[in-house]
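J.: Structure incoming, see below.
The values are calculated or read from the model by the stated rules, or taken from the named source; none is laboratory data. From a predicted model like this one, the values you see are computed outputs, not experimental measurements. FYI the Cβ positions are ideal-geometry reconstructions off the backbone, even for glycines, and counts take in every protein chain you see. All accessible areas refer to the heavy atoms of the entire protein, side chains included, with ligands and DNA or RNA removed. Shrake-Rupley method; radii C 1.70, N 1.55, O 1.52, S 1.80 Å.
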Amino acid sequence: MTDNFYRAFEEKFRGSRGMIKSRLQVYLPFVKPLLVFLPSAQATDLGCGRGEWLELLAEIGFDAQGVDIDDAMLSACRERGLKVQTGDALAFLRGLPDASQSVVSGFHIAEHLPFETLKELVKEALRVLLPGGLLILETPNPENLVVGTSTFYLDPTHHRPIPPQLLAFLPEYFGFKHIKILRLQESPELAKATEVTFLSVLSGVSPDYAVIAQKEGPDEIFAALQSAFDTEYGLNLETLAHRYQQQAEARATAAEQHAAEAEARATAAEQHAAEAEARATAAEQRTAEAENRAIQAEARVNDLLNSTSWRITAPLRWLAGLAHRFTPQALKPKLKLFLQHTALYVRRRPWLRRVTLGVLAHFPSLKTRLLRIVTDNGASHSSRQSDALTELAHLTPRARRIYTDLKSALARQQKEGN
């Protein structure tokens with residue numbers, strides 16, 4: 001492509017120059033040590049595009065050059081004074097001398113090449129690199145299922161996705177010494193997250209990856225890069241799927257535990273219900289037994305009331321009740337009242353009083369007891385009553401009523417006068 005389409009496409013779908021340049025800093029721990037051991041420090045970037053990597057290499061001290069088939073993309077490089085030329089990447093690489101480069105790189109170029117061309121590119125990179133030099137190839141990561149099935153094909157110049165293991169095998173096959181896969185651009189939050197969703201499994205794997213291959217060289221260069229090669233980068237599909245599987249199993253275990261607890265609670269509830277039902281049945285049984293006893297008692301009472309012996313003993317029961325009514329305690333007040341009325345009757349009749357006193361004179365103790373009875377319980381009041389009754393004894397009933405009314409009127413008048 002020689003028009004501005006691909007430059008606009010990169011701006012929209014790959015990201016701005018600043019963002020890409022920031023992402024490329026992940027490679028600095030691999031390339032910076034080469035500045036110490038490889039004085040020429042020449043680097044070639046194949047398919048350099050807008051020149052973000054060339055600019056970063058130049059900033060840290062490399063003599064960097066780039067090549068790209070799209071002249072419109074190179075205009076961004078020329079605007080910044082970067083050393084670039086338009087041309088085919090493989091042809092440019094073939095034109096370089098043996099063991100002349102510290103770094104050969106290609107960012108998102110591998111997926112644009114036929115596989116045979118890619119093989120030749122890796123083979124030529126081994127030739128032009130200095131001992132201990134690095135080959136860096138970055139490409140979309142098909143382990144990310146969304147990338148491998150969808151976004152990879154957004155670029156019309158892509159051939160097909162390249163699995164990380166295949167791209168890593170190429171430099172190994174051609175004789176590179178150290179091979180490293182870096183998975184890149186994953187979400188930092190997902191890398192630290194304890195919860196992994198199904199969508200994260202589909203789209204959370206590092207969307208890009210790179211293969212870094214080091215050519216056989218001095219041990220001191222290998223030692224200087226060992227820390228960078230030992231560092232792990234990014235998220236792969238296996239890791240995310242395993243974390244998701246662990247969560248699913250944990251949720252299943254928790255669900256089973258909750259189900260077991262719910263079943264235990266249901267069993268306990270059923271047991272309580274059975275116990276309550278048993279208690280209710282026992283209560284009903286006791287109620288029925290009590291009702292049966294009441295019915296039996298009522299039947300026995302009815303049998304007793306209807307029996308011949310009950311009818312025969314009825315007079316005895318009547319006498320027993322009568323005897324209860326006429327106990328000494330019950331008869332004493334009635335006898336006392338009878339004696340008091342008798343004494344009042346005797347006082348009203350002088351001749352009877354004289355005869356009674358004459359008889360009682362022969363029985364002193366009896367006389368004393370009778371006098372105590374008739375004078376007890378308000379004797380003065382009884383005396384006044386007996387005097388009043390004596391006064392009225394000779395009058396007719398109508399005269400006694402008139403006398404009583406007059407006496408009451410006089411008493412009221414006297415009270416009002418006072």
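J.: Hey, can you tell me all the residues within the range 103-137 that are open to solvent by 10 Å² or more (accessible area, probe 1.4 Å) and among the aliphatic types (A, V, I, L, M)? Working first, answer last.
T.: At the first step, the residues of the range 103-137 found to be open to solvent by 10 Å² or more (accessible area, probe 1.4 Å) are 107-109, 112-117, 119-120, 123-124, 126-127, 130-131.
Within the range 103-137, 109, 113, 126, 130 qualify.
J.: Residue under question is residue 347, and the condition is that it be surrounded by fewer than 12 Cβ atoms within 10 Å (Cβ to Cβ), modelled with pLDDT of 75 or more and among the charged types (D, E, K, R); does it hold?
T.: Spelling it out, it is not the case that residue 347 is surrounded by fewer than 12 Cβ atoms within 10 Å (Cβ to Cβ), modelled with pLDDT of 75 or more and among the charged types (D, E, K, R).
J.: When the residues of the range 389-418 are filtered to those that are part of a loop (DSSP other than H, G, I, E, B) and of a type in the set (A, V, I, L, M, F, W, C), which remaining residue is modelled with the highest pLDDT?
T.: Going through the qualifying residues, I end up with 395.
J.: When both residues are 6+ apart or on different chains and their Cβ atoms are under 9 Å apart, which pairs have a first residue that lies in the range 73-86 and is surrounded by 14 or more Cβ atoms within 10 Å (Cβ to Cβ), and a second that is assigned to a loop (DSSP other than H, G, I, E, B) and of a type in the set (Ser, Thr, Tyr)?
T.: Matching pairs, first to second residue: 86/2.
J.: Inspect all residues belonging to the range 25-33 and state whether any of them is at pLDDT 95 or above, closer than 21 Å to residue 175 by Cα, touching a Leu at 6+ places or on another chain (Cβ under 7 Å) and crowded, with 23+ Cβ neighbours inside 10 Å.
T.: yes
J.: Going through 268, 255, 259 one at a time, which residue ends up being part of a helix (DSSP H, G or I), open to solvent by less than 50 Å² (accessible area, probe 1.4 Å) and of a type outside the set (Phe, Trp, Tyr)?
T.: 268
Residue by residue, here is whether (1) closer than 22 Å to residue 140 by Cβ; (2) modelled with pLDDT under 95; (3) out of contact with any Pro (no Cβ under 7 Å at 6 or more places or on another chain); (4) open to solvent by 60 Å² or more (accessible area, probe 1.4 Å) holds:
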site	(1), (2), (3), (4)
5	yes, yes, yes, yes
9	yes, yes, yes, no
12	yes, yes, yes, yes
20	yes, yes, yes, no
50	yes, yes, yes, no
57	no, no, yes, no
70	yes, yes, yes, no
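Residue-by-condition table, conditions (1) of a type in the set (S, T, N, Q); (2) farther than 30 Å from residue 370 by Cα; (3) at pLDDT 80 or above; (4) open to solvent by 100 Å² or more (accessible area, probe 1.4 Å):
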| residue | (1), (2), (3), (4) |
| --- | --- |
| 250 | no, yes, yes, no |
| 284 | no, yes, yes, yes |
| 297 | no, yes, no, no |
| 311 | no, yes, no, yes |
| 352 | no, no, yes, no |
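J.: So which residues in the range 195-246 are part of a loop (DSSP other than H, G, I, E, B), of a type in the set (Val, Ile, Thr) and within 24 Å of residue 148 (Cβ to Cβ)?
T.: Result: 196, 197, 205.
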